[in-house]
Amino acid sequence: MSDRNAPVGVFDSGVGGLTVAREIMRQLPNERIVYFGDTARVPYGSKSRDTVLRYSRQIIRFLRTREVKAIVIACNTATALTLDTVAAESDIPIIGVIHAGAKTAVESTRNGRIGVIGTEATIGSGIYTEVMKKMKPGIQVFGKSCPLFVPLVEEGWLHDPVTEEVAARYLKELQDKDVDTLILGCTHYPLLRSTIRKIMGDGVCLVNPAYETALELGRLLEEKGLSSTGTKQEDFPYRFYVSDLADEFRGFANSILPYDVEMTKKIDIEKY
């Protein structure tokens, strides 16, 4: 039986998963977090399933050394390619970021036309289409990979004319499909929300799977009797580890999190 006051492990290929960590901090303030960003090997979206599976297993082994009680794969690519496999191998709960966002999109659409933007691997896997069609067979799903979004976010170009130009070109296809709901199917993309909103217009519902995943995590912990009692206070309830570029990561994290990140530690993930 896991200690209910143990931390939750959260991992991503880089900084994008911080959008999930941010929502967990907001929605589940009693929970402690151990975050790992694989900054040495980002991006995952253009890599093969075997490679992403190897990376995910290494990170899960590392997080287990931090005695986490549950793990959130805060990366759509790793969720799409590895969740079923790693969850089956684990004796603690592991969830991804796809199911909760898909459910919200299906509940939100009025015209049955849903767009999904993500990495090449996520869109290529067809996972969002598969999950949503099981929920509501009649809907139409239009996927669009936006491979330049991750490097633009990692570069910190969140409100830049170059980013706007790239976004306008990517999103034109989905505007032409008359989608009324758009899933931000990569955890980096909520950081471009204002740009995407400007292009898509107020009539399109933007679904942020990070927010929905934090709520799903809360329900799961409650169900398993693993919700933190919030009694074990400590100086550093949120701990951050990366595989490279610790200072750059910390600077970025401090720009988007509601918490001052004092410690980010670089580790050799290849040892796990």
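Looking for something of a type in the set (A, V, I, L, M, F, W, C), open to solvent by less than 60 Å² (accessible area, probe 1.4 Å), modelled with pLDDT under 95 and on the phi < 0 side of the Ramachandran plot - is there at least one such residue anywhere in segment 166-184? Looking through segment 166-184, none of the residues is of a type in the set (A, V, I, L, M, F, W, C), open to solvent by less than 60 Å² (accessible area, probe 1.4 Å), modelled with pLDDT under 95 and on the phi < 0 side of the Ramachandran plot. Assigned to a loop (DSSP other than H, G, I, E, B) and either open to solvent by 70 Å² or more (accessible area, probe 1.4 Å) or closer than 25 Å to A78 by Cβ (or both): does that describe G138? Yes.
If you check E248 against the conditions, is it open to solvent by 20 Å² or more (accessible area, probe 1.4 Å), within 19 Å of H99 (Cβ to Cβ) and assigned to a helix (DSSP H, G or I)?
Numbers: open to solvent by 20 Å² or more (accessible area, probe 1.4 Å): yes; within 19 Å of H99 (Cβ to Cβ): no; assigned to a helix (DSSP H, G or I): yes.
Answer is no for this residue.
The set of residues in segment 1-28 being free of Cβ contacts under 8 Å to residues at least 40 places away in the same chain and either under 9 Å from A214 (Cβ atoms) or under 15 Å from the mean Cα position of the chain (by Cα) (or both) is empty.
Table: residues versus (1) within 26 Å of S228 (Cβ to Cβ); (2) open to solvent by less than 40 Å² (accessible area, probe 1.4 Å); (3) in contact (Cβ under 8 Å) with a residue 12 or more places away in the chain; (4) assigned to a helix (DSSP H, G or I).
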site: N30; (1), (2), (3), (4): yes, no, yes, no
site: Y35; (1), (2), (3), (4): yes, yes, yes, no
site: G45; (1), (2), (3), (4): no, yes, yes, no
site: I60; (1), (2), (3), (4): yes, yes, yes, yes
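Do we find that G115 is open to solvent by less than 50 Å² (accessible area, probe 1.4 Å), under 25 Å from R49 (Cα atoms) and touching a residue at least 12 places away in the same chain (Cβ under 8 Å) in this structure? In short, yes. Here I183 meets the list (1) of a type in the set (A, V, I, L, M, F, W, C); (2) within 25 Å of I24 (Cβ to Cβ); (3) in a helix (DSSP H, G or I) almost entirely, failing just condition (3).
Here S194 meets the list (1) open to solvent by 20 Å² or more (accessible area, probe 1.4 Å); (2) over 19 Å from the mean Cα position of the chain (by Cα) almost entirely, failing just condition (2). Screening segment 128-175 for residues that are closer than 21 Å to G96 by Cβ and of a type in the set (A, V, I, L, M) and picking the one that is nearest to the chain's Cα centre (by Cα) gives V150.
The values are calculated or read from the model by the stated rules, or taken from the named source; none is laboratory data. Keep in mind it's a predicted model, so treat the numbers as computed, not measured. All Cβ positions, glycine included, derive from the backbone under ideal geometry; neighbour counts span all protein chains shown. To get the accessible areas, we keep the full protein, side chains included, count just its heavy atoms, and leave off ligands, DNA and RNA. Shrake-Rupley method; radii C 1.70, N 1.55, O 1.52, S 1.80 Å.
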